[in-house]
Amino acid sequence: MAAFTIVVLACACPLGTAQAMEATGGSAAPSAGGGAASGGPSASGNPAGASESPAATGGNPATRAAPTSAPAPAIGPYPAAANGGWVFPLYPFDSVASSSGWSLDQGVDLGGSANQCGGHLVELAVASGTIVKEGLEGFGDWAPVLRVESGVDTGRYVYYGHARPALVAVGAHVVAGQQIADVGCGIVGLSDAPHLEIGISPVGARSFELPGFGETAHESLSRLMAAYRAAGGKARAAVHSRTGIGGKRRRVRRRR
């Protein structure tokens, strides 16, 4: 009986060790993402706290599941609007001013409920694509321009006015919901207060160009409202025209 007990114990120890090694990919150290707790967006494009796959951690090939079609990555904090629409471009959502305070310009002006800026209110890619430019006259030296490569606006350009700093290099590919800039603090471009002016290039533009006043603003507003509702917001009241959150009346700019 004693001999039998010894055999059982001898078998149990290696089995438990093998299971622990397999669960950690051959190491007892925690994954790099295990310490994140905010669940917010990141400039790297990796979901906070996401665990690595067995293939990435060196797990036992014999225990890996059969390959399946990979779902679309849930990178950002919000779902995209239906039918290939935008992801809402500001985070965190509870710091965003009500849609009743938004205004139309060349794009749409929106911002924080208490003029939040910097790391307190960050700007997200509305769709997957490539950052093709930073810096626009009237919008500051850090304003990123995104060439959209997914969804309903594929091939068009979205600009983020009054950002500072830009957090993604020109030429970098980004995914929908990835952090690309902060709302600029202080006076950034032609502005009186921290906010984002987001807009989209005219249909058919082969390279980036700023829209004229009102040229695509209503289209941008429609995209934003759908994204706002998808993120959990309730649209309120009519959006004002011409004067932005900063209060300035801006001249029409069409420089590339």
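The values are calculated or read from the model by the stated rules, or taken from the named source; none is laboratory data. Predicted model, so just to flag it, every value in this text is computed and none were measured. All Cβ positions, glycine included, derive from the backbone under ideal geometry; neighbour counts span all protein chains shown.
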Next on the checklist: Given the condition in contact with a Ser or Thr (Cβ under 9 Å, 6 or more places away or on another chain) and farther than 25 Å from residue 171 by Cα, answer yes or no: does some residue in the range 115-124 qualify?
Outcome noted: yes
Checklist outcome for this item: A careful count of residues in the range 176-188 that are on the phi > 0 side of the Ramachandran plot and modelled with pLDDT under 95 gives 1
Checklist outcome for this item: Looking across the range 77-99 at residues that are among the polar types (S, T, N, Q) and either farther than 13 Å from residue 224 by Cα or in contact with a helix residue (DSSP H, G or I) (Cβ under 7 Å, 6 or more places away or on another chain) (or both), the single one that is surrounded by the most Cβ atoms within 10 Å (Cβ to Cβ) is 99
Checklist entry - Only one residue in 126, 132 is of a type in the set (A, V, I, L, M) and surrounded by fewer than 24 Cβ atoms within 10 Å (Cβ to Cβ), so which one is that? => result 132
Checklist entry - How about the range 85-129: which of its residues are over 13 Å from the mean Cα position of the chain (by Cα) and in a strand (DSSP E or B)? => result 96, 103, 104, 108, 109, 110, 112, 118, 119, 120
Checklist outcome for this item: Residue set 218, 240; condition modelled with pLDDT of 95 or more, more than 22 Å from residue 164 (Cβ to Cβ) and surrounded by fewer than 17 Cβ atoms within 10 Å (Cβ to Cβ); output residue 218
Next on the checklist: Looking at the structure I just gave you, is residue 254 assigned to a loop (DSSP other than H, G, I, E, B) and either under 26 Å from the mean Cα position of the chain (by Cα) or modelled with pLDDT under 90 (or both)?
Outcome noted: yes
Item to check | Candidates 164, 206, 156, filtered to the one that is in contact (Cβ under 8 Å) with a residue 12 or more places away in the chain and over 20 Å from residue 227 (Cβ atoms) | outcome: 164
